[in-house]
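Single-structure report; data block below.
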Amino acid sequence: MIESPERLISLVQSCSLCAKQLPLGPRPVIQFSSRSKILIAGQAPGARVHATGLPFDDASGDRLRTWMGIDKKTFYSPQSIAILPMSFCYPGTGISGDLPPLPICAATWRRRLLDQLKEIRLTLVIGRFAQTWHFPNERRNLTETVKNWNDAGPGIIPLPHPSPRNNIWLKKHPWFEKDLVPVLKKKVAHALQ
């Protein structure tokens, strides 16, 4: 049975598979259109995003939009940008930040949603959990995966998470903003043409 994008989005928005594991309850946060040109494959919404229901509505989003070289209007246009994190709901907080995405979310929804994205020209794979899913045979750590982004294949760029928690990583790896971010901006602009 072929699912329509509208029905699939409706099913995702009413999902409660993980309700008992979510400290704030289910609130799937995605942005999606079958006509999207760029896919942002992130980790999971944070507490602020859970509260607003708007993906990357935080400092991480500000930094990501800067890296991409786009404004909020473009970023929040589903016809331009699809945002499908590995887990659609806020997983809660652990000792060193937000908990990892709950695996059942990707197992249940990811392939079905990705199959709807027929016009994707560029995929940004953000953070270790998304990279593990999208590059299952990759044996490098996040730094090496990002540094060797050309190995990911055409139309795909692995990125560190844009969270302020990664300021230390960004300071230790100035090549990222010096060398990769300008390439990223060009690829984003080209994908959105």
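Some points to look at:
- Amide H contacts under 5 Å for Thr123, placed H, 5+ residues apart: Leu39, Ile156, Ile157
- Structural descriptor for the chain: relative contact order 26 percent, calculated from alpha carbon pairs under 8 angstrom and at least 6 residues apart.
- Between the listed residues Cys89, Ser4, Gln131, the Cα displaced farthest toward the positive end of the dipole of the chain, a dipole computed from Cβ unit charges relative to the Cα centre, is found at Gln131.
- Percent RCO, i.e. relative contact order, over segment 124-163, from Cα pairs under 8 Å lying at least 6 residues apart: 54
- Helical mean residue ellipticity (222 nm; -39500 (n - 2.57) per DSSP H run of 4+; nearest 500) of the chain: -8500 deg cm²/dmol
- Straight-line reach from Lys186: taking Cα to Cα under 25 Å and skipping same-chain neighbours fewer than 8 places apart, the lysines in range are Lys37, Lys72, Lys73, Lys118, Lys147, Lys171, Lys172, Lys178.
- Dipole magnitude of the chain, debye to nearest 20 (Cβ charges: Lys/Arg +1, Asp/Glu -1, about Cα centre): 220
- Longest exposed-site-free window of the chain, the sites being trypsin sites (Lys or Arg not before Pro) in a DSSP loop that have at most 11 other C-beta atoms within 10 Å: 1-117
- Pairwise centroid distance, computed over Cα atoms, of segment 15-51 with segment 167-193, Å: 25
- Estimated FRET transfer efficiency (Gln21, Asp179; beta-carbon r; R0 41 Å; 0.05): 0.55
- Applying the Karplus relation 6.51 cos²θ - 1.76 cosθ + 1.60 with θ = phi - 60° to segment 35-43 yields 3J(HN,Hα) values of 9, 4, 9, 10, 9, 9, 9, x, 9 Hz, where x marks Gly and Pro.
- Taking all protein chains together and a 1.4 Å probe, the residues Asp58, Asp115 rank Asp115, Asp58 from largest to smallest accessible area.
- Rounded FRET efficiency, nearest 0.05, which uses the C-beta distance separating Trp133 from Ala189 and R0 of 25 Å: 0.40
- Exposure of Ser96 as accessible area (Å², to 10), given a probe of 1.4 Å and all protein chains: 100
The values are calculated or read from the model by the stated rules, or taken from the named source; none is laboratory data. All of these numbers come straight from a predicted model, not from anything done at the bench. Cβ: placed from backbone, ideal geometry, glycine included. Neighbour counts: every protein chain shown. What goes into the accessible areas is simple: the full protein's heavy atoms, side chains included, and nothing from ligands, DNA or RNA. Shrake-Rupley method; radii C 1.70, N 1.55, O 1.52, S 1.80 Å.
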